[in-house]
Amino acid sequence: MKQKGTSEVPLIMGIIGTVLNIPAAMCGAACGAAISAIGEAANSSSASSIGNYIVAISVISGLSGLVGGILGKSEPNTAGILMIIATVFAGLETLGGGGLLSLIVCIFYLIGAIYCFVQKKVDV
């Protein structure tokens, strides 16, 4: 039997987190591009690949948070897992140059993930 969620909180947290993740991703991308440029100037392939990873982490965080928020009502368990993945990647983004804004995004995604798992569910 399939269960459906009843709360709008995961959707709202996913949307707010994704909207706030856009400037945080830009900050992370700028830091990643700077690290890549410095790495290329110093002929260091590891530094340029670190910059590319920072950009990829930012994109994965935003997309999984948005998809998790959208699925919050129809498939709450899948949405919760996606929101936890977004939380982890937003936390990594904080370390990679996203700053305080990506930490706030991480908190929004975590709240959305918790609500995905604890919300009242109805059988469909």
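No lab work stands behind these numbers, since they all come straight from the coordinates. Predicted model only: the values in this text are computed from it and were never measured. We place every Cβ from the backbone using ideal geometry, glycine too, and count neighbours over all the protein chains shown.
The figures follow:
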| item | result |
| --- | --- |
| Cα gyration tensor shape of segment 21-92, rounded if a/c is under 1.5, else prolate or oblate by comparing a/b with b/c | prolate |
| Qualifying aspartates and glutamates (Cα of each under 15 Å from Cα of K73; at least 8 residues distant if same chain) | E8, D123 |
| Whole-Å semi-axes of the chain's equivalent ellipsoid (Cα gyration tensor) | 33, 12, 9 |
| Mean Kyte hydropathy of 1.0 or more with a Cα span along the axis of at least 27 Å, helices from DSSP in the chain | 9-41, 45-70, 99-118 |
| A56 paired with E40, simple spin-label distance in nm, labels 7 Å along Cα-to-beta-carbon | 1.8 nm |
| Within the chain, helix-based [θ] at 222 nm, where runs of 4 or more DSSP H residues each add -39,500 (n - 2.57), nearest 500 | -27500 deg cm²/dmol |
| For peptides 57-68, 93-104, sequence by mean Cβ density within 10 Å, most packed first | 57-68, 93-104 |
